[in-house]
Amino acid sequence: MTEPASAALPAVQEGILRRQSLRESAARTYARSLPIVPVRARGLTIEGADGRRYLDCLSGAGTLALGHNHPVVLEAIKKVIDSGAPLHVLDLATPVKDAFITELFATLPRELADNARVQFCGPAGTDAVEAALKLVRTATGRSGLLAFTGAYHGMTAGALDASGGAQDVRVTRLPYPYDYRCPYGVGGERGAELSARWTESLLDDPKGGVTSPAGMILEPVQGEGGVIPAPDTWLRRMREITAARSIPLIADEVQTGVGRTGTFWAVEHSGVVPDVMVMSKAIGGSLPLAVLVYRADLDVWQPGAHAGTFRGNQLAMAAGAATLAYVREHRLAERAGVLGARMLGQLQGLAADHPCIGDVRGRGLMIGIELVDPDAAERTVSGAPPAAPALAAAVQRECLDRGLIVELGGRHSGVVRLLPPLTLTDDQAAAVLDRLADALSAAERSPQRRQRTGQSH
Ligand code: PMP
């Protein structure tokens, strides 16, 4: 963290933050827990209006595969601008879009790429989820949906219904394998297998109350739900179960895609080939872009079935194509896998000294640290201690004080999340973990924390 360059800078920042709290919506989110005003950014680093610097392990909620303002991304954007190409073209064909599709298809599992279609959506993950639901409902003529506990798919109506916590009679909620809080009390592969069996028996039970499903939607690693990687065997079981019943499988790779988990797409770990893939965040190279890729035989919806004005963002396609190519050429997925495994190991070491770390988990550079109250008298059904959201919030604040931006997630917001860029160096990783360890110790010591109850189950 650097000192402010001039005494005037903190006042500028405070003014902006004050006006934000007066003028912006009560529904604002990150702005509440991260009261900073970014003015410059490069790679892992963000600089605030007060001159302070932060290591950004939020990365635009997992969007910035190459970090902030990567030179190849800036170059790609400048090239389009300098060429005089139109920036807004609805869904018309352009050379920029053509190149993006070619690059995107080159990353797909072969079996899907050979026979895929792509739908450009409104530029948010949630709109691509809406499109996915519409696509499978049209193709199957069925209306139900299979979705999972703890899922997060977005904030528009259909995506929200598919997310855990929502209620829609058409959605059947199935257990996502959550090792640390396994509802069967066994965890591991066995817990995941029991989840799969529950799914199977429910689908085949004529009195199971399942609305005939048009599709199953899942995240290969739940992100907002608390960084919960699904075991590969479980994912293969979901593929078998859906294939046997002609239910399209939709992989929501909005957060897990583009190398984040150690393979280009997270489904590759298991070898599962979904029928539909939802993609956003990193595919736009830091600019808004969302697409749906799916098997050609599902392509029976009508022209205009999923229209929208902003489906032709040329700058995002150029930035996205440059990002996809860079991740592929520099084998950043592999790098994320190796570095992520090392960081997980180090965090597990840290857990040995901090009983409030209930679980450390993740895949690649998608890492979660679940904080708990180890002294609580009660235990949850899984046998794990209750979550400690107040402590997690305190850790986030202490991190910010030490120049580190982290995200929170999980069912009770008790999981500290790291989503650094895939370009993270070894030294940067060490600095991130140092600051995090320090913040954790400070939050544990904080007297407010001891007074605050804030625990939940
Ligand atoms: N799906 C997943 C798995 C996500 O993580 C998110 C966003 N966190 C979304 C969908 C929604 O994306 P957006 O916020 O761009 O609508």
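Comparison of Ala384, Ala318, Ala322 shows that the only residue that is part of a helix (DSSP H, G or I) and touching an Asp or Glu at 6+ places or on another chain (Cβ under 9 Å) is Ala322. Meeting the requirement of 1 or more residues that are without any contact (Cβ under 8 Å) to a residue 60 or more places away in the chain, the helices (runs of 4 or more DSSP H) wholly within the stretch 40-107 are 71-83, 95-107. On the given criteria, is Arg361 under 22 Å from the mean Cα position of the chain (by Cα), buried (at least 23 other Cβ atoms within 10 Å of the Cβ) and assigned to a strand (DSSP E or B)? Here the answer is no, as Arg361 does not meet what is asked. Given the criteria of a type in the set (A, V, I, L, M), within 12 Å of the ligand (Cβ to nearest atom) and assigned to a helix (DSSP H, G or I), does Ile283 qualify? Yes: the conditions hold for Ile283.
With the condition kept exactly as written, say whether any residue in the stretch 396-405 is in contact with a helix residue (DSSP H, G or I) (Cβ under 9 Å, 6 or more places away or on another chain), small (Gly, Ala, Ser) and under 19 Å from Ser446 (Cα atoms).
Initially, the stretch 396-405 is screened for residues in contact with a helix residue (DSSP H, G or I) (Cβ under 9 Å, 6 or more places away or on another chain), giving 396-405.
Next, only the ones that are small (Gly, Ala, Ser) stay: 403.
Pick out the ones that are also under 19 Å from Ser446 (Cα atoms) and you get 403.
Yes - at least one qualifying residue is present in the stretch 396-405.
Val129 meets all of the listed conditions (1) out of contact with any His (no Cβ under 7 Å at 6 or more places or on another chain); (2) closer than 21 Å to Val272 by Cα; (3) of a type outside the set (Asp, Glu); (4) part of a helix (DSSP H, G or I) but one, namely (1).
Just give me the residues in the stretch 286-296 being open to solvent by less than 10 Å² (accessible area, probe 1.4 Å) and either under 13 Å from Leu108 (Cβ atoms) or away from the ligand (no atom under 13 Å from the Cβ) (or both), in sequence order. Val291, Leu292, Val293, Tyr294 - these are the residues of the stretch 286-296 that are open to solvent by less than 10 Å² (accessible area, probe 1.4 Å) and either under 13 Å from Leu108 (Cβ atoms) or away from the ligand (no atom under 13 Å from the Cβ) (or both).
Taken over the stretch 211-237, the criterion of being more than 16 Å from the ligand (Cβ to nearest atom) and open to solvent by less than 10 Å² (accessible area, probe 1.4 Å) is satisfied by Ala214, Trp234.
Determine which member of the set Gly150, Gly154, Gly158 is outside any helix (DSSP H, G or I), open to solvent by less than 60 Å² (accessible area, probe 1.4 Å), in contact with a helix residue (DSSP H, G or I) (Cβ under 8 Å, 6 or more places away or on another chain) and within 16 Å of the ligand (Cβ to nearest atom). It would help to see each step written out before you state the result.
Numbers: Gly150 fails: in contact with a helix residue (DSSP H, G or I) (Cβ under 8 Å, 6 or more places away or on another chain); Gly158 fails: outside any helix (DSSP H, G or I).
Exactly one residue qualifies, and that residue is Gly154.
When the stretch 387-409 is limited to residues that are of a type in the set (Gly, Ala, Ser) and assigned to a strand (DSSP E or B), the one that is nearest to Gln428 (Cα to Cα) turns out to be Gly409.
If I filter the stretch 88-144 down to residues being of a type in the set (Asp, Glu) and either within 16 Å of the ligand (Cβ to nearest atom) or under 25 Å from the mean Cα position of the chain (by Cα) (or both), which single residue comes out as farthest from Gly154 (Cα to Cα)? Filtering the stretch 88-144 for residues that are of a type in the set (Asp, Glu) and either within 16 Å of the ligand (Cβ to nearest atom) or under 25 Å from the mean Cα position of the chain (by Cα) (or both), the one farthest from Gly154 (Cα to Cα) comes out as Glu111. From the list Ala65, Ala49, Ala41, which one is within 16 Å of the ligand (Cβ to nearest atom) and either over 26 Å from Leu433 (Cβ atoms) or modelled with pLDDT of 95 or more (or both)? Residue meeting the stated conditions: Ala65.
The values are calculated or read from the model by the stated rules, or taken from the named source; none is laboratory data. Just so it is clear, the structure is predicted and the values come from calculations on it, not from any experiment. Quick reminder, even Gly has a Cβ in these numbers, built from the backbone with ideal geometry, and neighbours come from all protein chains shown. For the accessible areas, the whole protein counts, side chains as well, though only heavy atoms, and no ligand, DNA or RNA atoms are used. Shrake-Rupley method; radii C 1.70, N 1.55, O 1.52, S 1.80 Å.
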